[in-house]
Amino acid sequence: MSLGLYLHIPYCFSKCRYCDFYSRPGERGVPDAYVDALLRELSRFAPGAPLRPDTVYFGGGTPSLLTPAQAKRLIEAAAPLPGLYDCNRRFIRLFLNLKNMQI
């Protein structure tokens, strides 16, 4: 059985016209307190859970506002199964809204 986990990151630079998600526009990053709250929620369901996700989705506002350290903490807490098509190594696919990219 396949199981996907969706983590909503509601922080973004600006609200897109088409977006119906809850979001906090005008932010320049994701507060550590929000990441800590997600980690607490994950820990509530993780102990003794018979299923582990094979996919972790980051969505919402602009998930690319997560720092690498924040993303790492969330991925490690989610403990996703190794991928089926990548020789049992973990990998990350990242899709970005180029409008919100900073160079």
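Since every read-out is calculated from the coordinates, none of them should be taken as a lab result. Bear in mind that the values here come from a model prediction, so they are computed numbers and not experimental data. Cβ placement follows ideal geometry from the backbone for every residue including glycine, while neighbour counts extend to all protein chains displayed.
Sort 26-38, 62-74 by the packing proxy (mean of other Cβ within 10 Å over each peptide's residues), most packed first. Please report the intermediate quantities before stating the final value.
Working: 26-38: 13.9, 62-74: 17.1.
Packing proxy ranking, top to bottom: 62-74, 26-38.
Pull out the extension gain between Thr55 and Ile75, defined as 0.36 nm times the separation in residues minus the alpha carbon to alpha carbon distance; nm, one decimal.
6.2 nm
Amide H to amide H, with H built 1.01 Å from N, Ile9 comes under 5 Å of Gly59, Gly60, Gly61, counting only residues 5 or more places away or on other chains.
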